[in-house]
Amino acid sequence: VAEADEMVEAADLVVLPGTKATVADLGWLRERGMAAAIERRAAAGRPTLGICGGCQMLGHTIEDPEGIESSRPSTPGLGLLPLTTRFESRKRTTDVRFRSTGGSPLLHAADNLHGYEIHAGRIDVESGAARPFEITDRNGRPEPAADGAIAAGGHVAGTMIHGSLENRALRSGLL
């Protein structure tokens, strides 16, 4: 646990990536003390970014009443983002074009970005919460939609868009 703490504390940025086992991986983070270290780091205003499953872990709750991913109907998240995840049987797989809103110091404003979504279910973001990205089209068709969430203060952000860091403008701003 002490080693996990040191690793998280030493990082300039923590990125929780996507996963096919969000609830199990969140349990793994908790067992090793990494979840508590991530929570302390966020409380200190240090940058943390979650992508898809990582974004879901950063929220308040992960609901899975149909047992899509786990046998637990509800799992507490880390509580760092103003959102709740609800797994559903419908799986979204789309190619997306999007822009960064610049609403977080982690993610500078940029247009004409490319990534993809691949997840079962949805995130419900609290009313009035800042959003890091705006999707402009899905699979080549205009479909404007807000994506992700930003915590108060802007140092914790999450997105459901995979491949977002493959965009040079976002990656350069983040680094």
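If you take all other residues with their beta carbon under 9 Å from the beta carbon of ASP147, and give Lys and Arg +1 and Asp and Glu -1, the sum is -1. Other residues whose C-beta falls under 12 angstrom from the C-beta of THR101 contribute a net charge of -1, scoring Lys and Arg +1 and Asp and Glu -1.
For ALA146 and ARG32, FRET efficiency with R0 = 30 Å and r from the beta-carbon atoms, rounded to 0.05? Calculated value: 0.35.
Annotation: amide H of ALA120 within the under-5 Å range of ARG92, sequence separation 5 or more or interchain, hydrogens built in the peptide plane.
Could you pull out the GluC sites (Glu not before Pro) across the stretch 93-175 that fall in loop regions by DSSP (anything but H, G, I, E, B) with no more than 15 other Cβ atoms inside 10 Å? Present the calculation step by step, with values, prior to reporting the outcome.
Values: sites: GLU117, GLU126, GLU134, GLU166; in loops: GLU126.
Qualifying residues, ordered by number: GLU126.
Across the chain, the relative contact order, built from alpha-carbon pairs under 8 Å that are at least six residues apart, equals 21 percent.
Taking a ≥ b ≥ c as the square roots of the eigenvalues of the Cα gyration tensor, the chain is classed as oblate, since a/c reaches at least 1.5 and a/b does not exceed b/c.
Close amide H contacts of LEU16 (hydrogens built in the peptide plane, cut-off under 5 Å, sequence separation of 5 or more or a different chain): LEU49, GLY50, ILE51.
Around ARG86, under 9 Å between beta carbons, what's the net of Lys plus Arg minus Asp minus Glu among the other residues? Each step should come with its number before you reach the end.
Numbers: positive: ARG122; negative: GLU63, ASP64, GLU88, ASP124.
Neighbour charge sum, excluding ARG86 itself: -3.
Once the 1.4 Å probe is applied to the protein heavy atoms, the chain comes out at 48 Å² accessible per residue.
Here the label points at ASP124 and ALA109, each 7 Å from Cα along the C-beta direction, are separated by 3.2 nm in the simple model. Highest mean packing first, where packing is the average number of other Cβ atoms within 10 Å per residue, the peptides 69-81, 135-147 line up as 69-81, 135-147.
In this simple spin-label model, placing a label point 7 Å from the Cα along the Cα-to-Cβ direction at both VAL15 and LEU175 gives a separation of 1.0 nm.
Given a 1.4 angstrom probe, I'd like the percentage of the accessible area of the chain that is carbon and sulfur, rounded to a whole number. Intermediate results must be reported in sequence, preceding the final value.
Details: 4220 of 8430 Å².
Answer for the chain: carbon and sulfur cover 50 percent of the accessible area.
Applied to the stretch 152-158, the Karplus parametrisation 6.51 cos²θ - 1.76 cosθ + 1.60 on θ = phi - 60° returns per-residue 3J(HN,Hα) values of 3, x, x, 8, 10, 9, x Hz, with x for Gly and Pro.
The values are calculated or read from the model by the stated rules, or taken from the named source; none is laboratory data. Computed from a predicted model, the values in this text were never measured in an experiment. When we count neighbours, we look across all protein chains shown, and the Cβ atoms used for this are built from the backbone with ideal geometry, even at glycine. Just the protein is used for accessible areas: all its heavy atoms, side chains included, with ligands, DNA and RNA removed. Shrake-Rupley method; radii C 1.70, N 1.55, O 1.52, S 1.80 Å.
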